Every structure is written in structure tokens, then in C-alpha cells.
């Protein structure tokens, strides 16, 4: 059972998509460095969601973040937080292709989530 879709378009100002390519043999090391930054970002009150994906292409890792503030705030305030530094300083050398990223604006009325209902025994 699922709830009725929840509209969040008024609460998400932009969505960031990122894709990195690393040597597949470095996947475990990458995630060991990535996870502390991921947990810190997810704890930020302005972060609405953060989904990390691995793809069919070996070594390709992507993620999607939803934010309640605008891109200018994100670049000036969020990306300058010190917890990114250990992750960035060690993982950027792992990239075998340039990092890809895009900023997206949710289409009004077309930003919904369906969350599962909790099971009641």
C-alpha cells in the first residue's frame, strides 16, 4: 500500500544530478570516502533528498540531490562546507572522465513522491 502522491514542488527549488566515472576496482574506496560527505549532506536541513545510484556501466556512479534553497545559495554556502574537502581531495584523483553535473528546476505540479504506508500488525 502507498500513500497518495505527495507534491513537493514548492519545497524543492532545484535538483542536482552528478555522475562520476572511476576505475571499478576503486569502488569500495570511493564509497568509503563518499559516505561521510553523503551523511553530512543528508543531515542539512535544506537537503530534501539524496539518492545514490550505480549504473550498468562499471565504474559509473551517479546521484541526485533535491534542495530547498537556490543554486546561488548552494554554491556560496553549501559547497564551501568543510566536510566536502576530505571527499573531494581524495576522490577527484580517481576520476577517469570529467565529473558531469546539471542543475534542474522541477516542473510545477510534476514533482511528487509515493511513499509506502507503514505496516500495522
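The numbers here are math on the coordinates, done by the rules we state, and not lab data. From a predicted model like this one, the values you see are computed outputs, not experimental measurements. Note that we place each Cβ from the backbone using ideal geometry, even for glycine, and neighbour counts take in every protein chain shown.
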Share of Cα-Cα pairs in region 69-121 beyond 18 Å, in percent? 63 percent
Given the options 100, 46, 92, which has the most mean-square fluctuation in a GNM of the chain, springs set between C-alpha atoms less than 10 angstrom apart? 100
With the 8 Å Cα cutoff and a minimum separation of six or more residues, the chain has a relative contact order in percent of 49 percent
Under a point spin-label approximation (7 Å from Cα along Cα-to-Cβ), what is the residue 23-residue 68 distance to one decimal in nm? 4.2 nm
Residues in region 18-40 that a label on residue 53 would reach, taking backbone N under 18 Å of a point 7 Å out along Cα→Cβ: 18-22
Scaled radius of gyration (Cα, divided by 2.2 N^0.38 Å) that the chain gives: 1.18
